[in-house]
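Working notes, structure below.
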Amino acid sequence: LGISIPDNLLISDYSDIRNRFEGEEGEHPDFLEMIEGVISFFEEKEGDRFTCFALDSLGALYSLTQTAELRSKMFYFFKGLRERNLTSLIIMETPRISNIQGFLGSEWYLADGIIEMGNIETQHDIMLYLQIQKMRATSHSRKKHLIEIGEDGLSILGPVFE
């Protein structure tokens, strides 16, 4: 996308974490607890410079998390991100057929903003769009906007329908 990656960016992969911390008897680590630990580590290490957190993806986290009390756990996870005053980008794919459909919905009321990205198929092309479905405390367009991904990154071309 033409974005330079800063030196202070940490990228962790769920499979690396699972392989490193999985118990001898096949017990799975508490990924929410581990993510909160990573956030706490960077808060201590970076102080006020630690301002942004991204999670890709919430669906993967759901598939690795015990379902008992999942809604409650997610409520406190989002609450903790808000209390830390972090700009948080939580990515979630919402396929039409999914094993996580039963959990969909809680993130809609927990998130302060929801930006949907998708595609519109025409007879000869597939167009990409971006739509702000929810953004608390601000006025915003609810229209779908065409986007293009090129050498210089992401460009918003304008509304799909006028």
Under the Karplus relation with 6.51, -1.76 and 1.60 and θ = phi - 60°, whole-Hz ³J(HN,Hα) for the stretch 29-46, x at Gly and Pro, equal x, 7, 5, 4, 4, 5, 5, 4, x, 4, 4, 4, 4, 6, 4, 5, 6, 9
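Can you tally the net charge around ILE156? Count Lys and Arg as +1, Asp and Glu as -1, for every other residue whose Cβ sits under 13 Å from the Cβ of ILE156. Mind showing how you got there, number by number?
Numbers: positive: LYS143, LYS144; negative: GLU148, ASP152.
Charge balance in the 13 Å sphere: 0.
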In whole Hz, the Karplus estimates of ³J(HN,Hα) for the stretch 130-140 (6.51, -1.76, 1.60; θ = phi - 60°; x where Gly or Pro) are 10, 9, 7, 8, 7, 8, 5, 6, 8, 8, 8
The set of residues whose placed amide H lies less than 5 Å from the amide H of ILE114, leaving out same-chain residues fewer than 5 positions away, is GLN133, LYS134, MET135
Förster radius 30 Å - calculated FRET efficiency between GLU121 and ALA54, Cβ distance, rounded to 0.05 = 0.55
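A short reminder: the numbers here are calculations on the coordinates, not readings from a lab. None of these values were measured; they are calculated from a predicted model. Virtual Cβ from ideal backbone geometry, glycine too; neighbours counted across all protein chains shown.
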